[in-house]
Amino acid sequence: MVEKRLQALIGEWDGSLQWRYAHLANVAALLWEETEAINWLGFYLTDKEANKLILGPFQGKVACTEIPIGSGVCGNAAKLKKAILVPDVHAFDGHIVCDSASMSELVVPLIDSTGEVVGVLDIDSPMKGRFTEEDRERFQSYAKSISLALWS
Ligand code: SME
């Protein structure tokens, strides 16, 4: 159901940055609406030259605008090219606090068809241990659809 709505949102992309952002904004709204017990959901996109992630479309409170690759949960997921599930953010060394309500976090990299990390999808919850392995797999599958549709 979500996958179908996701495909409908990102199915047509004209290759422009404006439309990429428009689609990501709608995807953030869709996933926010469809996901229970979260306080932040959004994208950080890779600035390759600066070796940073820059804030993209999101839902939730004001967040940090840039994260160096290798820092925090997001920067580590981008560096390692793998999803990171953090059951308790206070136990993650180097976690970057954007909203003090966040207790657990799931970050999934967006990887394009050439294998480059073009950004991450970050989801925060006010509940400890909110995210499951099933969530990790599901959001990884959304991330794959998003990156292949908007970065190919
Ligand atoms: N907690 C993240 C920073 C981004 S905010 O949660 C929106 C991190 O450690 O990378």
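The values are calculated or read from the model by the stated rules, or taken from the named source; none is laboratory data. What you see is a predicted model, and the numbers here were worked out from it, not measured in a lab. Heads up, the Cβs are rebuilt from the backbone with ideal geometry, glycines too, and the neighbour counts pull from every protein chain shown. Each accessible area value is taken on the protein alone, full model and side chains, heavy atoms only, with ligands, DNA and RNA left out. Shrake-Rupley method; radii C 1.70, N 1.55, O 1.52, S 1.80 Å.
Observations
- Any chance Gly119 is within 10 Å of the chain's Cα centre (by Cα), buried (at least 17 other Cβ atoms within 10 Å of the Cβ) and away from the ligand (no atom under 12 Å from the Cβ): yes
- Only a single criterion out of (1) within 11 Å of the ligand (Cβ to nearest atom); (2) modelled with pLDDT under 95 is not satisfied by Ser113, namely (1).
- Any pair with Cβ under 9 angstrom, 6 or more apart, that starts in region 44-64 at a residue that is on the phi > 0 side of the Ramachandran plot and ends at one that is aromatic (Phe, Trp, Tyr) and open to solvent by 60 Å² or more (accessible area, probe 1.4 Å): Gly60/Trp32
- The C-beta contact set for region 79-100 (first residue of a type in the set (Asp, Glu), second residue open to solvent by less than 100 Å² (accessible area, probe 1.4 Å), distance under 8 angstrom, 6+ apart or interchain) comprises Asp88/Met103; Asp88/Ser104; Asp88/Gly129; Asp99/Asn39; Asp99/Trp40; Asp99/Gly60; Asp99/Ala63; Asp99/Asp124.
- Put simply, of Ile38, Ile96 the only residue that is open to solvent by 20 Å² or more (accessible area, probe 1.4 Å), within 16 Å of the ligand (Cβ to nearest atom), at pLDDT below 95 and of a type outside the set (Asp, Glu) is Ile96.
- Residue count for region 122-138 satisfying the condition of being under 11 Å from Leu85 (Cα atoms) and open to solvent by less than 20 Å² (accessible area, probe 1.4 Å): 5.
- Scanning region 83-93 for residues that are modelled with pLDDT under 95 and open to solvent by less than 80 Å² (accessible area, probe 1.4 Å) yields a single hit, Phe92.
- Within region 63-82, the set of residues being within 6 Å of the ligand (Cβ to nearest atom) and among the aliphatic types (A, V, I, L, M) comprises Ala63, Ile67, Val73.
- Options Glu105, Glu134; residue that is touching a helix residue (DSSP H, G or I) at 6+ places or on another chain (Cβ under 6 Å), charged (D, E, K, R) and more than 21 Å from Leu150 (Cβ to Cβ): Glu105
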